[in-house]
Amino acid sequence: MLRYAGHDVVFQEFPDEVTLAVNLAGCPHRCPGCHSPWLWLDEGEELDEARLLALADSYRGDVTCVALMGGDADPQAVARLLMAVKERFGSAFRTGWYSGSDALPAGFNPQAFDYVKIGSWKVGRGPLTSPATNQRLYRVTPCGLEDITPLMRRRGPA
């Protein structure tokens with residue numbers, strides 16, 4: 001069972017998307033320097049299909065993407081929930097997943113996702129916006145995973 005500890009509308013998680021980011025609790029990684037250590041606890045409201053679909057529906061027209069942030073303790077549940085979003089809303093939303101794992105899980109179902117971020121937090125390497133990052137952001141295409149991490153690099157002043 002997945003639990004969530006809140007949600008936000010965010011603008012920088014995926015290129016050219018306004019994203020409903022649902023923060024999942026119970027992160028098993030406990031990366032040193034984590035910016036969200038409260039998500040290590042397995043606390044919060046249960047996130048089942050009905051709840052996620054209701055959340056997505058309440059933001060329809062305001063966001064372009066629904067993303068689950070975490071969920072590494074049950075990646076199959078993450079895929080099931082995001083597949084339900086795709087089935088219910090079709091092209092109204094793209095879907096994304098931020099995983100703290102360094103590799104995709106066994107049995108990964110790419111059909112559930114438009115975007116997938118993988119990689120543990122390493123303080124000295126920085127986030128997706130850093131050229132030194134170990135994390136990778138992929139766009140799921142019919143041909144496989146396209147690494148779009150360079151699109152996340154910070155741009156200098158205009």
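The values are calculated or read from the model by the stated rules, or taken from the named source; none is laboratory data. The structure presented is a predicted model; accordingly, all values stated were derived computationally and were not measured. Cβ coordinates were reconstructed from backbone atoms using ideal geometry, including for glycine residues, and neighbour counts include every protein chain displayed. Note: areas computed on protein heavy atoms with side chains; ligands, DNA, RNA excluded. Shrake-Rupley method; radii C 1.70, N 1.55, O 1.52, S 1.80 Å.
Of all residues in the stretch 112-144, those satisfying the criterion of being more than 19 Å from residue 36 (Cβ to Cβ) and in contact with a helix residue (DSSP H, G or I) (Cβ under 7 Å, 6 or more places away or on another chain) are 112, 113, 136, 140.
Scanning the stretch 116-139 for residues that are among the β-branched types (Val, Ile, Thr) and in contact with a Ser or Thr (Cβ under 9 Å, 6 or more places away or on another chain) yields 116, 118, 133.
Looking only at residues in the stretch 2-21 that are touching a Gly at 6+ places or on another chain (Cβ under 9 Å) and not acidic (Asp, Glu), the one that is surrounded by the fewest Cβ atoms within 10 Å (Cβ to Cβ) is 6. Please go through the stretch 132-151 and give me each residue that is closer than 19 Å to residue 11 by Cα, open to solvent by 20 Å² or more (accessible area, probe 1.4 Å) and within 14 Å of the chain's Cα centre (by Cα), ordered by number. Passing the criteria: 136, 138, 139. Would you check if residue 62 is farther than 27 Å from residue 150 by Cα, more than 16 Å from the chain's Cα centre (by Cα) and open to solvent by 10 Å² or more (accessible area, probe 1.4 Å)? Criteria not met by residue 62. Annotation note: Cβ proximity below 7 Å between a residue of the stretch 22-35 that is in contact (Cβ under 8 Å) with a residue 24 or more places away in the chain and surrounded by 12 or more Cβ atoms within 10 Å (Cβ to Cβ) and a residue that is aromatic (Phe, Trp, Tyr) and in a loop (DSSP other than H, G, I, E, B) (sequence gap 6+ or interchain) occurs for 31/121; 34/121.
If you go through the stretch 99-131 and pick out every residue that is free of Cβ contacts under 8 Å to residues at least 60 places away in the same chain, more than 19 Å from residue 15 (Cα to Cα) and out of contact with any strand residue (DSSP E or B) (no Cβ under 9 Å at 6 or more places or on another chain), you end up with 6.
Among the residues of the stretch 38-56, those that are closer than 20 Å to residue 91 by Cβ and of a type outside the set (Asp, Glu) comprise 52, 53, 54, 55, 56. Is there a residue being in contact (Cβ under 8 Å) with a residue 60 or more places away in the chain and either open to solvent by 20 Å² or more (accessible area, probe 1.4 Å) or among the aliphatic types (A, V, I, L, M) (or both) anywhere in the stretch 36-52? Looking through the stretch 36-52, none of the residues is in contact (Cβ under 8 Å) with a residue 60 or more places away in the chain and either open to solvent by 20 Å² or more (accessible area, probe 1.4 Å) or among the aliphatic types (A, V, I, L, M) (or both).
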